[in-house]
Amino acid sequence: MKEIKVISPAKVNLYLNVLARRGDGYHEIETIIQAIDLCDEVTLREKEKGIEVSCQNEGVPEGERNLAYRAARLILQETKISKGVGIEIKKNIPPAAGLGGGSSNAAATLAGLNKLWNLNLPERRLIQLATSLGMDVPFFIQGGRAIGRGKGDELTPLKGWSPFWLILVIPEFRVSTKRAYQSLKLDLTKGESQIKIVLKHLEKGDLSSILYNKFEEVMQKKYPRVKMIKERLKSLGITLASMSGSGSAIFGMARSGEEAERIREVIKQEEEVYVAKTWNGGVSVVSWN
Ligand code: ATP
């Protein structure tokens, strides 16, 4: 039986603004998404029929509620082929932390099954399928850095950026994205877009002026831990830090890999902490038997 291994990276939102609630229940957002090299490993094994997901992480469902399961089911429905797959997810990305792990696993499954089953679906088609699975899924097909507009799925890739190191701190609490949006209490009136200004700063390579997360203020009120972590990072020399997605992960930008490692060593007794580097691609197939 054939099997394939796909690397499934996480993301952080360098900038995340929510402009309005939409009539269709979604939100109008603008964001700068950055892929990072904190990665899960998704192994796809051909089987005769059915979809089976296995994952050792307690916070991750194994059945139909798993986004990778839904990705496989969607491909089977779309292509009408009669095959099955076993999906094994080795989780390194903390779930429900605003790092997009579930969405990335779904994108990895789409890209992996496209290879495993020789479907030859073009990237354009994979992106369409990804969009129907969730707003964060299409980003992971291409990865790198991109602007997300609309519901977050209207993507424009950004090129020519310099890599950097991050330190990620994951507080104990987890956040449901749905609840986080509800707590913003937005109406249908659209806030003013800031994306042109953000892009000007980005063109100059000035990341310090763009770090922003609309959810941070409400989350800080509810969970004082967010502020405490940012202050702890500041005391260790990391002045640029922000929450990712709707939380709870907080990332700080380090000046070097050595600095990030040094800080990890200091705070690993206190917090769940990771060091990561920006990642220039999206999900990627690494081995094939
Ligand atoms: P969101 O996309 O809602 O912003 P997130 O980035 O905060 O999510 P995820 O790691 O994607 O976090 O997990 C969100 C929820 O999705 C989890 O609580 C989990 O129940 C569910 N989930 C489904 N499939 C997966 C998966 N393959 N990996 C992780 N979580 C998954």
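Overview of results
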read-out	value
Convex hull (Cα only) mean projected area of the chain, reported in nm² to one decimal	15.1 nm²
The chain: relative contact order as a whole-number percent, Cα under 8 Å and 6+ apart	28 percent
Rounded percent of accessible protein surface that carbon and sulfur make up, the range 1-78, 1.4 Å probe	40 percent
Karplus-derived 3J(HN,Hα), 6.51/-1.76/1.60, for each residue of the range 11-19, Hz, glycine and proline x	9, 10, 9, 6, 9, 8, 10, 10, 8
Amide H partners (placed H, <5 Å) of Ala254, local residues excluded	Trp165, Leu166, Ile167
Table column - 3J(HN,Hα) (Hz), the range 225-234, Karplus curve with 6.51, -1.76, 1.60, x for Gly and Pro	4, 4, 5, 4, 5, 4, 5, 5, 4, 4
Accessible area in square angstrom per residue, the chain, 1.4 angstrom probe	48 Å²
Within the chain, helix-based [θ] at 222 nm, where runs of 4 or more DSSP H residues each add -39,500 (n - 2.57), nearest 500	-9500 deg cm²/dmol
Nearest-ten-degree value, helix 123-133 long axis tilted from longest Cα axis of the chain	70 degrees
Table column - 3J(HN,Hα) (Hz), the range 46-63, Karplus curve with 6.51, -1.76, 1.60, x for Gly and Pro	4, 9, 5, 8, x, 10, 10, 10, 10, 8, 7, 6, 4, x, 10, x, 9, x
Filter on Lys11/Lys49; Lys11/Lys178; Lys90/Lys151 - keep pairs with C-alpha separation over 26 Å	Lys11/Lys49; Lys90/Lys151
With Cα atoms, 0 to 90° folded angle of helix 67-79 axis to the chain main axis	40 degrees
Cross-link table Lys83/Lys115; Lys159/Lys196; Lys221/Lys268, entries beyond 20 Å C-alpha to C-alpha	Lys221/Lys268
Long-range HN-HN contacts of Ala20 with modeled amide H, under 5 Å	Glu28, Gly191
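The values are calculated or read from the model by the stated rules, or taken from the named source; none is laboratory data. Computed from a predicted model, the values in this text were never measured in an experiment. SASA here: full protein model, heavy atoms, side chains in, ligands and nucleic acids out. Shrake-Rupley method; radii C 1.70, N 1.55, O 1.52, S 1.80 Å.
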